[in-house]
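Derivation of every value follows stated rules applied to the coordinates shown; laboratory data play no part. The model shown is predicted, which means the values in this text are computed figures rather than measured ones. Neighbour counts are summed over all protein chains in view; Cβ atoms, including those assigned to glycine, are modelled from backbone coordinates with ideal geometry.
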Amino acid sequence: MDTQITFFPVKKTLKVRPGTSVLQASRKSRVHIPTRCGGNAGCLMCKVEVEPADEAALTPPTEAERRKLGPLLDQGVRLACQANIIGSAVVKLPEDPLKAAIRKQLERQNEEELW
């Protein structure tokens, strides 16, 4: 029995088998989630956000996630390499740092033009 995962803001949905990690699903759907550690919870680059309504669609946090993320877990942050999909879920990808910097610069320019 397959389940599905949707990645935002790219709005890609993929059917996967239960137990597939969020990182594996992202690779199958060609959604880029950065990682350096090969999925061993070592680099913390693969953080994703999960809404409270979708938390039950992922396996409970691993001990590695608990150690690495600490209070971020309470904010819905999970490591894509450690969170396995067990039900239909929606995850939000963090904004690319370069795109975020460009977006902020454009917002500042727009504000200045309004004054």
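Taking C-beta distances below 4.7 angstrom as the pairing criterion, name the unpartnered cysteines of the chain, in sequence order.
Here Cys46, Cys81 come out as lacking a disulfide-compatible partner, given the Cβ-Cβ threshold of under 4.7 Å.
Return the long-range amide H neighbours of Gln4 (sequence gap of 5 or more, or a different chain), with a cut-off of under 5 Å between placed amide H atoms.
Amide H neighbours of Gln4, under 5 Å, 5+ apart: Val16, Ser88, Ala89.
Report, in debye and to the nearest 20, how large the dipole of the chain comes out about its Cα centre when Lys and Arg carry +1 and Asp and Glu carry -1 on their Cβ. Mind dumping the intermediate values first?
On the way: 18 positive and 14 negative charges, 125 e Å.
The calculated dipole for the chain is roughly 600 debye.
For the chain, what is the relative contact order in percent, using Cα pairs closer than 8 Å and at least 6 residues apart in sequence?
On the way: 182 pairs, mean separation 37.7, N = 115.
Relative contact order for the chain comes out at 33 percent.
Could you pull out every residue, at least 5 positions away or on a different chain, whose amide H is within less than 5 Å of the one on Val77? Hs are placed 1.01 Å off N in the peptide plane, and Pro or chain starts have none.
So Val77 has HN proximity to Val50.
With everything on Cα atoms, drop me the angle between helix 97-114 and the longest principal axis of the chain, reported from 0 to 90° to the nearest 10.
Helix 97-114 sits at roughly 30 degrees to that axis.
Scan [x] 91; [y] 121; [z] 104 for the value of volume of the Cα convex hull per residue in Å³ calculated from this model and give just the label.
[y]
Among DSSP beta bridges lying fully in the chain, give the percent that are antiparallel, nearest 5.
Antiparallel bridges: around 75 percent, rounded to the nearest 5.
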